[in-house]
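Worksheet for the structure shown next.
The values are calculated or read from the model by the stated rules, or taken from the named source; none is laboratory data. Computed from a predicted structure; not experimentally measured. Quick reminder, even Gly has a Cβ in these numbers, built from the backbone with ideal geometry, and neighbours come from all protein chains shown. Keep in mind that these areas ignore ligands, DNA and RNA; they rest on the heavy atoms of the full protein, side chains included. Shrake-Rupley method; radii C 1.70, N 1.55, O 1.52, S 1.80 Å.
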Amino acid sequence: MIDNYALKARIYPVLIFLAPLILYGCLYSIEFKTITYVVYSALFTGALTYLFSQLGRDQGKAREPSLWTDWGGAPSVQILRWSNSLLDSHTKQRYHQKLQSLCPVQNIPDPNYERTNPSESDEIYKAWGKYLISHTRDCKKYSLLLKENINYGFRRNLWGLRSFAIALNILVFISNWLFWFLKDKSFNLMSYPQSFVYTSTVSIIFLLFWIIIVRADWVKTPAFSYAQRLYEAVDQLN
């Protein structure tokens, strides 16, 4: 049985990735009055969904460190830094003290210690983050945290599939034009059926979506939202 995270963060990105092929199959089944295209599209989609769900996750995870480097560090590390202003100093102090009681470290970083020992401070923040993640796996108790984790996983995995999706949409777009050119032996678009217009439009829309929307900054918002929800959960731990 597919859990909520796997469905929304792994399967949904793949369905969006394969959507042009599905829509092409449906539209051309109407054009040629045959269900063959729908059947082929369904079988093709089913066969590739699991493969690309793994590929999307692997690509997203593999490229995640580069995202964090561009952002200045992992979100769960950044928001605990005194140099970061996402959390107010009083909340940050409270989190530090509570985390020290839950997961003791030799030195609790204060602003001066963090400034002179940035790497050591980040290692402490990483340890505290890992501790929280391992103690907040109850999906019912931490449902809001799970929701933010799904949002982040969904966008990160879409971003992981971005280069493949752009290539696929370009390939499908060119193949569509080539198919009708070879069929009609003409570049006269007026002689092409409406299905050609619809499918070409779909390809362009999806291509623009992957190029304009699915970018690193699009992944950043839910990443920091998840980090905030993660540390809010510290008050529920004893």
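What do you reckon, is residue 187 without any contact (Cβ under 8 Å) to a residue 12 or more places away in the chain, in a helix (DSSP H, G or I), open to solvent by 20 Å² or more (accessible area, probe 1.4 Å) and over 30 Å from residue 134 (Cβ atoms)?
Working: without any contact (Cβ under 8 Å) to a residue 12 or more places away in the chain: yes; in a helix (DSSP H, G or I): no; open to solvent by 20 Å² or more (accessible area, probe 1.4 Å): yes; over 30 Å from residue 134 (Cβ atoms): yes.
Here the answer is no, as residue 187 does not meet what is asked.
Whether any residue in segment 162-177 is out of contact with any strand residue (DSSP E or B) (no Cβ under 8 Å at 6 or more places or on another chain), polar (S, T, N, Q), open to solvent by 30 Å² or more (accessible area, probe 1.4 Å) and farther than 30 Å from residue 206 by Cα is what I want to check. Give the derivation first.
As a first pass, look at segment 162-177 and keep what is out of contact with any strand residue (DSSP E or B) (no Cβ under 8 Å at 6 or more places or on another chain): 162-177.
From the residues that got through so far, the ones that are polar (S, T, N, Q) too are 163, 169, 175-176.
Still in the list and also open to solvent by 30 Å² or more (accessible area, probe 1.4 Å): 163, 175.
Remaining after also requiring farther than 30 Å from residue 206 by Cα: none.
No; the residues of segment 162-177 include none that is out of contact with any strand residue (DSSP E or B) (no Cβ under 8 Å at 6 or more places or on another chain), polar (S, T, N, Q), open to solvent by 30 Å² or more (accessible area, probe 1.4 Å) and farther than 30 Å from residue 206 by Cα.
With the requirement that a residue be β-branched (Val, Ile, Thr), part of a helix (DSSP H, G or I) and open to solvent by less than 50 Å² (accessible area, probe 1.4 Å), what does segment 108-143 give you?
First, pick out the residues of segment 108-143 that are β-branched (Val, Ile, Thr): 108, 116, 124, 133, 136.
Narrowing further to those that are part of a helix (DSSP H, G or I): 116, 124, 133.
Within segment 108-143, just 124 meets the criteria.
Condition first: more than 25 Å from residue 170 (Cα to Cα), of a type in the set (A, V, I, L, M, F, W, C) and either surrounded by 16 or more Cβ atoms within 10 Å (Cβ to Cβ) or modelled with pLDDT under 70 (or both). Now tell me which residues in segment 1-30 satisfy that. Can you show your working first?
Narrowing segment 1-30 to residues more than 25 Å from residue 170 (Cα to Cα): 1-8.
Now drop any that are not of a type in the set (A, V, I, L, M, F, W, C), which leaves 1-2, 6-7.
Once the filter is applied, which keeps residues that are more than 25 Å from residue 170 (Cα to Cα), of a type in the set (A, V, I, L, M, F, W, C) and either surrounded by 16 or more Cβ atoms within 10 Å (Cβ to Cβ) or modelled with pLDDT under 70 (or both), segment 1-30 yields 1, 2.
Quick one: which of 99, 146 is over 30 Å from residue 18 (Cα atoms) and surrounded by 16 or more Cβ atoms within 10 Å (Cβ to Cβ)?
Values: 146 fails: over 30 Å from residue 18 (Cα atoms).
Going through 99, 146 in turn, just one is over 30 Å from residue 18 (Cα atoms) and surrounded by 16 or more Cβ atoms within 10 Å (Cβ to Cβ): 99.
Testing residue 125 on (1) closer than 30 Å to residue 213 by Cβ; (2) at pLDDT 95 or above, one condition comes back false. Which one is that?
Only one criterion in (1) closer than 30 Å to residue 213 by Cβ; (2) at pLDDT 95 or above is unmet by residue 125, namely (1).
Under 7 Å between Cβ atoms, which residue pairs at least 6 apart in sequence (or on different chains) link something in segment 12-23 that is farther than 14 Å from residue 209 by Cβ with a partner that is among the polar types (S, T, N, Q) and at pLDDT below 75?
These pairs meet every condition: 14/49; 14/53; 21/41; 21/45; 22/41; 22/45.
Before we move on, is residue 105 touching an Asp or Glu at 6+ places or on another chain (Cβ under 7 Å), under 22 Å from residue 233 (Cα atoms) and surrounded by 11 or more Cβ atoms within 10 Å (Cβ to Cβ)?
In short, no.
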